[in-house]
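The block underneath contains the structure these notes are about, expressed in structure tokens.
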């Protein structure tokens, strides 16, 4: 378990419940507090009514994708730390969202140690 000075709350967003559940289990074991959402719209509602330090979201999701979710979050709380993850995004799409302020885009399959390092360095 990682020793942290403060409570870290992560919102994990992916339309695949297997991914959100697996990441929640891993992050909980590492000492983080995790909420999950299986759609961008659900994540946006949770964000509006909860307190999170960072968000990890898939890019490719139906209804509201991760890029639109990122943009909506930035309108509510500019500069809020968001890490994007994807197996399919184009280089142009990644470049665009990084220029808009996303922390990093991580390619699936995820390197958990690298992901945790990004989380800890941006909270």
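Taking the number of other C-beta atoms within 10 Å as the exposure measure, put 23, 56 in order starting with the fewest.
The order, fewest Cβ neighbours first, is 23, 56.
How would you rank 121, 35, going from fewest to most other Cβ atoms within 10 Å of each one's own Cβ?
Ranking 121, 35 by Cβ neighbours within 10 Å, fewest first, gives 121, 35.
In degrees between 0 and 90, to the nearest 10, how far off the longest principal axis of the chain does helix 66-76 point, with axes built from Cα atoms?
It works out to around 80 degrees.
Among 21, 65, 58, which comes first, then next, by fewest other beta-carbon atoms within 10 Å?
Lowest count first: 21, 65, 58.
If I take every Cα pair under 8 Å that is 6 or more residues apart in the chain, average their sequence separation and divide by the length, what percent do I get for the relative contact order?
About 22 percent, as a whole number.
Once you put a point 7 Å from the Cα of residue 63 and another 7 Å from the Cα of residue 49, both along the Cβ direction, what distance in nm separates them?
1.4 nm
Using a 7 Å offset from Cα along Cα-Cβ at residue 117, what residues in the range 4-33 end up with backbone N under 11 Å from the label point?
Under 11 Å, as judged by backbone N against the label point of residue 117, lies no residue of the range 4-33.
With Kirkwood radius over Cα pairs in Å as the read-out, I listed (1) 14.3; (2) 16.2; (3) 15.5; which label goes with the value calculated from this structure?
Recomputing Kirkwood radius over Cα pairs in Å here gives the entry labelled (1).
Every read-out reported here was derived from the displayed coordinates using simple, explicitly stated rules and does not represent laboratory data. Values in this document were obtained by computation on a predicted structure and should not be read as measured data. Backbone-built Cβ (ideal geometry, glycine too); neighbour counts: all protein chains shown.
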